[in-house]
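Shown next, in structure tokens, is the structure this report addresses.
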Amino acid sequence: MKKKLLLITSFFSMGLCFAQTYGTYETDVNGKIFYQSPTPVLFVPQENNSGPTELSLDWSNPDYDVSNNPSKDSWDSRLAVGNTGTVYVVYSDNYSNGLQKIMFRKKVVGQGWSTPLFVDKGGEIGGKNNHYGAITSSPNGDLHVIYNVWANENVRNYIGYSYYNAATSIWSDGLKISDLGGTVNHNNSHHDLYSTDNNLPVVVWGYDFRENQINEEIYMKYFDGNDWSSDIAVSDVTDNLDAGFPYIKSIGGNKAMLVYAEGNFGSMELKYKIYDEATHNISEAKIIATENIFSNNYVLATSGTGDIMVLTIHKATGPNRDILNIYDYDSAADSFNLSSNVYEVAANAGGLLKRIDMDCNAEGDCAIIYTDFLAETNSFLEYNPTTGFGSPLIINEESPGLDAPNARFDPQGNLHVVWSDFRFNDGQGFDEREVIYEKGVNTNLGTDALSFTTISVFPNPTKGNFTIKTNETFILEIFDVLGKKLDTQNITGTTQIINNLATGTYFLRFINEQATQVKKLLVE
């Protein structure tokens, strides 16, 4: 049932209750996950530790089965959202030819989903088992996808790449881009990539043991418009430590941030480096956190207001609970600081059976999606650096898998989410997951057709006065955070607003006959 609020408790005193049964999972030589031995487990209700809310998302729309292949296993979904609001999804699928393929679908605003196709095609790549896809969209609409390709060496893989040319609407054949074959882990991997402002891809992958055939390392490479660079080591290949699960995002100024985990099991450190797009230099590693870090319980997020954050989740006991922490990046000091904003949710006594993702919109409000494998739920939790965490909301009660969800805002402030789900699994052997999509609709917009790009507010943050640029006529209303209306005026074209607002958060409501739109203004 949609829009069901999580149970709120003041203390962890409501006792234990039974959840779904789950079993052990093993991986065979082909990388398939096998389900065995269901046993009952326990969990406790959710704990609320929330603050004021900023986002207003409607989750009443039904979810959608993107993979639509219930007799086969579909998993490890990733999505990107273009600057026109088009949603792009890639996922691994046991395709009808018996191979694990990187499938692709898209949804243009106001249209249905495109026909599924596999983008790891052509040459030897087209006839291989491929997985762990990741996707990004360039400003010009080009698409870039990377993935593992079975290399038949060391039971390992290499990195493949597929390219979509928006001008010609053509997908290129898949291309091998990593320098070596058979060095990337087949069973445990995570890739990431982003596009520069010049529409050029920069990719990063982990779990590559090429250096000594023992330690897993992280590598990256970039495309300069003509050729791919050689593989560049990101992690320290001489320290005899493992490194994996990298993230990379643009942070402006022709730079990007890399975040990854490095260490030995039980003593991982969360680290970051800065990549310079002009020189292709990578800074020395610095530590974000040293406690409670594992290879799949953190995510890097950036916002339109310049915030750079790392969200982590870890388990604590006495009572059993999962804790979400935020680490904020200080660009002047080039360091991360642990935020005082903390969210705790009741958990079972077993391992960390939640997975997270986080994204932020142009106004700096952030959304966290977390799956709870035992409670069989996906939940939405909002976050703002000033007001902290909001109240949790269950958006889906099916049977999410332990693959991490993926969530991205579009320019209109809608939140798009994909995850893998066991709802069609018959429990008779190999998993039968489906890739499911759901959309949180921004109710601050009068209509999906009205784009945020029709109204520009700058500078934001401001010292008190600001400029509005639009090609339409609106009634402008200014409210403070308590809902008190401070000013009303008619605007059109380019309008300078001289209001000498005090430091704080304000809401600008634009009204005309077509729609209503709300923007947030920060005054420093």
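Around the Cα centre of the chain, unit charges on the Cβ atoms of Lys, Arg, Asp and Glu (plus for the first two, minus for the last two) sum to a dipole of about 1000 debye.
Under the shape rule built on the C-alpha gyration tensor, where the axes satisfy a ≥ b ≥ c, the range 172-308 is oblate, since a/c reaches at least 1.5 while a/b does not exceed b/c. When the chymotrypsin sites (Phe, Trp or Tyr not before Pro) in the range 60-112 are filtered for DSSP coil states and for at most 16 other beta-carbon atoms within 10 Å of their beta-carbon, no site remains.
Nonpolar atom fraction for the chain, defined as the carbon and sulfur part of the 1.4 Å probe accessible area, stands at 49 percent. Per-residue accessible area (protein heavy atoms, 1.4 Å probe) orders Asp487, Asp410 as Asp487, Asp410, starting from the largest. Relative to the current alpha-carbon distance between Gln496 and Ser335, full extension at 0.36 nm per residue lengthens the span by 54.3 nm. In the structure shown, the pairs Lys255/Lys463; Lys106/Lys354; Lys484/Lys520; Lys273/Lys439; Lys249/Lys315 are assessed against 21 Å; a Cα-Cα span above that value is assigned to Lys255/Lys463; Lys106/Lys354; Lys273/Lys439; Lys249/Lys315.
Between Phe223, Ser235, Ser189, the Cα set farthest toward the positive side of the dipole of the range 158-264 (charges on each charged residue's Cβ, about the Cα centre) is that of Phe223.
In loop segments of the range 352-382 as defined by DSSP, there are no GluC sites (Glu not before Pro) with at most 15 further C-beta atoms inside 10 Å of their C-beta.
Ranking His131, His314 from most to least accessible surface, computed with a 1.4 Å probe over the protein chains only, gives His314, His131. In this simple spin-label model, placing a label point 7 Å from the Cα along the Cα-to-Cβ direction at both Ser114 and Asn97 gives a separation of 1.9 nm. Selection among Ser339, Leu381, Ala367 by position relative to the dipole of the range 333-399 gives Ser339 as farthest towards the positive end (Cβ unit charges, Cα centre). If the chain linking Ile232 and Thr196 were pulled fully straight, counting 0.36 nm for each residue of separation and taking away their Cα-Cα distance, it would gain 11.2 nm.
How would you classify the range 355-503 from its alpha-carbon gyration tensor, with a ≥ b ≥ c the square roots of the eigenvalues: rounded for a/c under 1.5, else prolate if a/b is greater than b/c, otherwise oblate? Verdict is prolate for the range 355-503. Solvent-accessible area per residue in the chain equals 41 Å², computed with a 1.4 angstrom probe and all protein chains kept. The residues Ser230, Ser379, sorted by heavy-atom accessible surface at 1.4 Å with ligands and nucleic acids left out, run Ser230, Ser379 from largest to smallest.
The values are calculated or read from the model by the stated rules, or taken from the named source; none is laboratory data. Fair warning: this is a prediction, and the values are worked out from it, not measured in the lab. So basically every Cβ, Gly included, is an ideal-geometry build from the backbone, and we count neighbours across all protein chains shown. Just so you know, the surface numbers come from the protein's heavy atoms only, side chains and all, with ligands and any DNA or RNA stripped out. Shrake-Rupley method; radii C 1.70, N 1.55, O 1.52, S 1.80 Å.
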